[in-house]
Amino acid sequence: MNRFISSSLTFILIFLASCTSAPIQITLLSTQGFSLGSARLADSSEGTSIELVAHSLTPGAHGLHVHETGRCEAPDFATAGAHYNPEGREHGFNNPLGHHIGDLPNIEVGPDGTAQARILVPAKLSELRGRSLIIHAAADDYATDPSGNSGARIACAVIR
Ligand SMILES: [Cu+2]
Ligand SMILES: [Zn+2]
């Protein structure tokens, strides 16, 4: 039920955003430079909505974050820096000292290696420009500082 309500709300927010701002489309690249999907970002009254579509991933939960620097360079996307954290907090929704603005819910990859997600980030799109969106090899545990034990950075997109 909660899931239904939140996805309905997200849908409405995306609809409203589509009336008021020009969304941007970004490409998620693997460390070898292949496309692993894309994301569409749009301003809304509540922040920025992200509509993500990905493929060729391992099934299961994968961490997803906004990282502070818009540089996706091989071999490991370390150039993207830490999670976007303008409020100087620790990592994780379940951390009493959390969480980063760049912390996002895990994406669920199906048995066919694809995933779709709609997410709302509590920051204006203009604030996210020049940063990056990253998918990790493992799930974010929502608690371990600074990155939720989510493993390697496997896909990266510059938010232009
Ligand atoms: Cu990350
Ligand atoms: Zn974080």
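Read the figures in this text as sums done on the coordinates, not as results from a lab. Note that the structure is a prediction, hence the values are computed from the model and not measured. Every residue, glycine among them, receives a Cβ derived from its backbone with ideal geometry; neighbour counts consider all protein chains shown.
Being within 14 Å of ligand 1 (Cβ to nearest atom) and over 13 Å from the mean Cα position of the chain (by Cα) is the filter here; which residues of segment 83-92 pass it?
Hits for segment 83-92 are Asn85, His91, Gly92.
Take the residues in segment 118-146 that are within 13 Å of the chain's Cα centre (by Cα) and among the small types (Gly, Ala, Ser), then tell me which one is nearest to ligand 1 (Cβ to nearest atom).
Going through the qualifying residues, I end up with Ser132.
From the residues in segment 107-160 that are more than 17 Å from Val53 (Cβ to Cβ) and touching a Phe, Trp or Tyr at 6+ places or on another chain (Cβ under 7 Å), which one is surrounded by the most Cβ atoms within 10 Å (Cβ to Cβ)?
Ranking the candidates gives Gly148 first.
It is to be established whether one or more residues within segment 95-106 are more than 16 Å from ligand 1 (Cβ to nearest atom) and touching a Leu at 6+ places or on another chain (Cβ under 8 Å).
No, the conditions are met nowhere in segment 95-106.
Within segment 30-60, work out how many residues are in contact with a helix residue (DSSP H, G or I) (Cβ under 8 Å, 6 or more places away or on another chain), surrounded by 15 or more Cβ atoms within 10 Å (Cβ to Cβ) and either without any contact (Cβ under 8 Å) to a residue 12 or more places away in the chain or not small (Gly, Ala, Ser) (or both). Before the answer, list the steps.
So the first thing to find is which residues in segment 30-60 are in contact with a helix residue (DSSP H, G or I) (Cβ under 8 Å, 6 or more places away or on another chain), and the list is 41-46, 48-49, 51.
With the extra rule that they be surrounded by 15 or more Cβ atoms within 10 Å (Cβ to Cβ), the set shrinks to 41-44, 48-49, 51.
Then keep just the ones that are either without any contact (Cβ under 8 Å) to a residue 12 or more places away in the chain or not small (Gly, Ala, Ser) (or both); that gives 41, 43, 48, 51.
Looking only at that region, the number is 4.
Scan segment 73-82 for residues that are surrounded by 14 or more Cβ atoms within 10 Å (Cβ to Cβ) and more than 16 Å from the chain's Cα centre (by Cα) and jot them down. Show your work before the answer.
Of the residues in segment 73-82, the ones surrounded by 14 or more Cβ atoms within 10 Å (Cβ to Cβ) are 77, 79-82.
Correct list: Thr79 only.
Which residue pairs have Cβ atoms closer than 7 Å, lie 6 or more positions apart in sequence or on different chains, and pair a first residue in segment 90-101 that is more than 11 Å from Ser147 (Cα to Cα) with a second residue that is among the polar types (S, T, N, Q)?
Going by the 7 Å Cβ cut-off, the qualifying pairs are Ile101/Asn85.
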